[in-house]
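A quick write-up on the structure given underneath.
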Amino acid sequence: MKKKLLSAVMLCTLGLVVGCGDDKEVIDPPDTTPKLDTQANILAFLDGKTLVMSGTNIPSHPNGYDEDIDYGNATQCYKSVTMTVAAGTFSVNSIPGTIENSPGVGQPGGTCNHDLAKNPLAFNSTSVVMENIAADGSCFDVTFNYPGGLVQEGRGGFSADHKQLKLEIFFKGQSSGARCATGAVGADGTITLNGKPFAGKAVQAYVIQ
């Protein structure tokens with residue numbers, strides 16, 4: 001008799017018998033992981049959010065061009081870039097930095113001063129196309145279209161914690177290999193820029209707010 005009672009107590013303690021004591025049903029918390037497997041889901045996740053690139057998240061070669069070279073109005077020296085997303089439109093606000101000690105337009109030898117800001121530039125995308133999207137959103141091909149025929153193309157992806165969006169993009173027709181089929185965002189040795197192997201760092205990292 002004692003052995004039977006002891007066995008029953010042990011089973012109840014281990015939770016192996018339904019109806020022992022006042023056991024309550026354990027409900028798992030809802031899964032809050034965003035679905036990022038389609039363009040519609042990605043845009044829904046970003047809608048209403050602000051994405052900011054600043055500090056060390058600015059690469060040495062935004063759009064593939066050295067930030068320390070004076071390209072005039074096409075400078076790639078930035079203090080920050082902020083994007084807001086609404087109804088599928090990316091509104092971009094760029095604050096350029098200042099090239100110091102430049103020997104001339106297009107010539108190396110200058111230095112990008114990120115903290116010395118110039119007048120901001122603002123523009124909105126006319127359309128965005130995302131393709132070949134990984135199930136977790138870690139990589140997808142992306143093309144941004146802007147007024148005046150400006151097009152950026154390449155690949156993007158979300159960090160594992162979904163707190164950053166990384167974009168490795170270039171001006172249309174200037175690069176090859178900057179797609180997910182050749183590697184993840186930032187993969188070395190996959191990109192050719194203007195017919196030459198690209199060894200710079202072009203990954204723009206945006207903190208999602």
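The values are calculated or read from the model by the stated rules, or taken from the named source; none is laboratory data. Keep in mind the model is a prediction, meaning the values are calculated, not measured. Cβ coordinates were reconstructed from backbone atoms using ideal geometry, including for glycine residues, and neighbour counts include every protein chain displayed. Quick note on the areas: whole protein, heavy atoms, side chains included, nothing else; ligands and nucleic acids left out. Shrake-Rupley method; radii C 1.70, N 1.55, O 1.52, S 1.80 Å.
Which of ASN101, PHE158, GLY186 sits closest to the plus end of the dipole of the stretch 88-209, meaning its Cα is farthest towards the positive end, when Lys and Arg get +1 and Asp and Glu get -1 on the C-beta?
ASN101
To the nearest 10 degrees, how steep is helix 2-13 against the longest Cα principal axis of the chain, on a 0 to 90 scale?
20
Keeping the other protein chains in place, figure out the carbon and sulfur percent of the accessible area of the chain, with a 1.4 Å probe.
55
For a 23 Å ceiling on Cα separation, which of these pairs sit above it: LYS49/LYS201; LYS166/LYS201; LYS35/LYS79?
LYS49/LYS201; LYS35/LYS79
How do the peptides 121-127, 42-48 rank, highest first, by the average count of neighbouring beta carbon atoms within 10 Å per residue?
Ranked from most to least packed, the peptides come out as 42-48, 121-127.
Scan [x] 37, 22, 13; [y] 25, 20, 16; [z] 50, 18, 18 for the value of semi-axes √(5λ) of the Cα gyration tensor in Å calculated from this model and give just the label.
Entry [z].
For THR50, list long-range residues whose amide hydrogen, built 1.01 Å from N in the peptide plane, is under 5 Å from its own amide hydrogen.
GLN209
Of ALA74, LEU121, ILE58, which is farthest along the charge dipole of the stretch 35-190 in the positive direction, counting Lys and Arg as +1 and Asp and Glu as -1 at C-beta?
It is LEU121, whose Cα lies furthest towards the positive end.
Report the charge-dipole magnitude of the stretch 159-207 in Debye, nearest 20, computed about the Cα centre from +1 at each Lys and Arg Cβ and -1 at each Asp and Glu Cβ. Numbers along the way, then the final one.
Working: 6 positive and 3 negative charges, 27 e Å.
My answer is approximately 120 debye.
Work out the length of the dipole vector of the chain about its Cα centre, built from +1 on the beta-carbon of each Lys and Arg and -1 on the beta-carbon of each Asp and Glu, and round it to the nearest 20 debye. Don't skip to the answer; put the middle values down first.
Values: 15 positive and 20 negative charges, 93 e Å.
Here the size comes out at about 440 debye.
About the Cα centre, and with charges only on the beta carbon of Lys, Arg (+1) and Asp, Glu (-1), how big is the dipole of the stretch 126-209? Nearest 20 debye, please.
I would put it at about 220 debye.
Gaussian network model of the chain, Cα springs within a sub-10 Å range: biggest mean-square fluctuation belongs to which of GLU131, GLU25, GLU153?
GLU25
Counting only heavy atoms of protein chains, what accessible area per residue, in Å², does the stretch 87-206 have with a probe of 1.4 Å?
Here the residues of the stretch 87-206 average 50 Å² of exposed surface.
Quick check: Cα centre of the stretch 26-62 to Cα centre of the stretch 77-121, how many Å?
The stretch 26-62 and the stretch 77-121 have Cα centres spaced 23 Å from each other.
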